[in-house]
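The values are calculated or read from the model by the stated rules, or taken from the named source; none is laboratory data. What you see is a predicted model; the values in this text were computed from it and never measured. With ideal geometry, Cβ positions are generated from the backbone for all residues, glycine too; neighbour counts draw on all protein chains shown.
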Amino acid sequence: MQKKILSLLIYVFCFGILSAQDYPYAEFDFNYIRTDKNKILFPGDSSDFEKFNKKLDNLVIKGDGKIRIIHFGGSHIQAGIYSGVCRKKLQNLYPGLNGGRGTVFPYGMSKTYTPKNIRFKWTGKWETCRNVERKDCNLGVLGISATTEDSSASITITLNPDYQKYEINKIKIFHDTGKKSYKIRLTADTSSYKITEFPEKGYTLIETGKNINPVKLHLEKTDTAQNSFTLYGIDLENDFQGIVYTDAGISGASLPSFLKCNLLENQLSSLNPDLVIISLGTNDTYGKTFNPERYKKHYIEFLNKIKKAVPEAAILLTVPNDCYYRRRDPLPFTADAEKVILDLAKTYNCGVWNFYEIMGGYNSSYLWHKDKLMQNDLIHFTKKGYIIKGNLLFNALLKSWDNHIEKKLKS
């Protein structure tokens with residue numbers, strides 16, 4: 001009886017809010033987009049997603065807890081448009097769901113692009129390393145690092161309030177914490193902040209007495225043995241309940257790229273996501289030939305790393321989009337990757353968002369390009385196309401939660 005009452009309360013609460021605003025499901029005018037297929041599939045057990053949806057229940061109804069999402073991928077994710085749309089929609093679905101921006105990095109240090117909703121400035125000379133490069137370096141969740149020997153270097157982070165207003169008072173900086181590393185500090189006009197170092201976990205936590213934007217950080221040499229500093233990422237959150245969504249994308253990244261990240265498990269464990277989304281496959285399948293067994297082997301290794309680091313997290317595998325090889329012919333291997341993903345989802349009890357099928361399947365990229373939803377390379381999307389993709393992902397996640405609520409009402 002108590003379960004039924006709780007389910008009814010959830011339904012009434014959700015219905016009341018949805019009635020007070022535009023219904024959150026986006027609609028599309030392109031008949032080749034299979035919105036009827038836009039849902040989370042469960043070839044195996046769905047219990048991990050049930051845990052995730054129950055956390056969403058508690059967050060929305062009770063204002064209890066914090067949900068963290070990490071989305072791995074390549075250039076589609078580094079651009080931050082479609083993952084950014086999903087983040088913004090999730091954080092604005094109901095009042096009080098804005099838990100922070102998530103983990104960010106000054107990608108411009110490596111002369112590559114940063115999501116438009118965040119701006120970085122820095123001083124000092126920095127040398128970067130990405131997981132798509134043939135370099136010997138330590139890497140973490142974001143697949144990128146930056147090292148400086150300048151003890152007076154600084155980094156300033158400004159969040160664009162026109163995109164989304166964030167209240168930030170907890171800053172977790174992942175960095176080299178050895179004896180030879182400089183310390184990192186906050187540049188602020190107030191002394192009401194606390195710095196705690198967690199060398200075994202590889203980060204420094206700064207907690208401020210007030211919300212700050214921009215976030216200004218500087219290095220400090222406190223010992224003669226210190227001679228460098230390596231940055232892996234900066235997590236921007238707050239003390240409130242809500243949703244935090246990190247996009248961990250590196251342009252050109254494949255599964256082997258993230259398998260190179262030796263600090264990934266430790267940092268993933270520290271971030272402790274409730275949902276891990278994996279959007280890797282375009283760069284694995286792109287070529288004249290494709291070995292599904294090798295792709296599967298790499299995927300298994302990556303899934304095992306995630307399971308070891310965060311065994312309770314729900315995992316969502318996304319099927320790569322249809323694309324063309326060198327703008328000449330539709331790539332035939334996405335369907336092979338789709339089979340591997342569906343098979344692994346059954347074994348590892350993951351959800352699947354089959355975007356390949358949703359966008360229209362084989363050669364559908366031609367139609368998206370014709371309607372100016374894909375760029376001329378027929379691999380990447382235009383801004384409008386990425387916005388549609390982000391809305392589709394949000395719709396699928398929301399539908400999964402809707403189904404969860406309906407099951408509660410029937411039980």
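Of all residues in region 113-162 being within 27 Å of ILE387 (Cα to Cα) and out of contact with any strand residue (DSSP E or B) (no Cβ under 8 Å at 6 or more places or on another chain), which is surrounded by the most Cβ atoms within 10 Å (Cβ to Cβ)?
This residue is VAL132.
Looking at region 288-311, can you tell me whether even one residue there is part of a loop (DSSP other than H, G, I, E, B), closer than 22 Å to SER145 by Cα and in the same structural domain as ASN376 (by TED's automatic domain parsing)?
No, there is no match, as no residue in region 288-311 is part of a loop (DSSP other than H, G, I, E, B), closer than 22 Å to SER145 by Cα and in the same structural domain as ASN376 (by TED's automatic domain parsing).
Restrict the check to region 385-394 and report whether at least one residue is surrounded by fewer than 17 Cβ atoms within 10 Å (Cβ to Cβ), touching a residue at least 40 places away in the same chain (Cβ under 8 Å) and either β-branched (Val, Ile, Thr) or more than 26 Å from TYR25 (Cα to Cα) (or both).
Taking every residue of region 385-394 in turn, none turns out to be surrounded by fewer than 17 Cβ atoms within 10 Å (Cβ to Cβ), touching a residue at least 40 places away in the same chain (Cβ under 8 Å) and either β-branched (Val, Ile, Thr) or more than 26 Å from TYR25 (Cα to Cα) (or both).
For region 187-233, what are the residues that are outside any loop (DSSP other than H, G, I, E, B) and surrounded by fewer than 18 Cβ atoms within 10 Å (Cβ to Cβ)?
Result: TYR193, LYS194, ILE195, THR196, GLU197, PHE198, LEU205, GLU207, LYS216, GLU220, SER228.
Among the listed residues TYR23, TYR32, which satisfies the condition of being surrounded by fewer than 18 Cβ atoms within 10 Å (Cβ to Cβ) and at pLDDT 95 or above?
Checking each option against the conditions leaves just TYR32.
In region 78-111, what residues are more than 19 Å from ASP64 (Cα to Cα), part of a loop (DSSP other than H, G, I, E, B) and either free of Cβ contacts under 8 Å to residues at least 24 places away in the same chain or not assigned by TED's automatic domain parsing to the domain that holds THR123 (or both)?
Matches in region 78-111: ALA79, GLY80, ILE81, LYS111.
Would you pick out the residues in region 308-337 that are within 22 Å of the chain's Cα centre (by Cα), under 23 Å from LYS260 (Cβ atoms), crowded, with 16+ Cβ neighbours inside 10 Å and not polar (S, T, N, Q)?
Residues satisfying the conditions are ALA309, VAL310, ALA313, ILE315, LEU316, LEU317, PRO320, ALA337.
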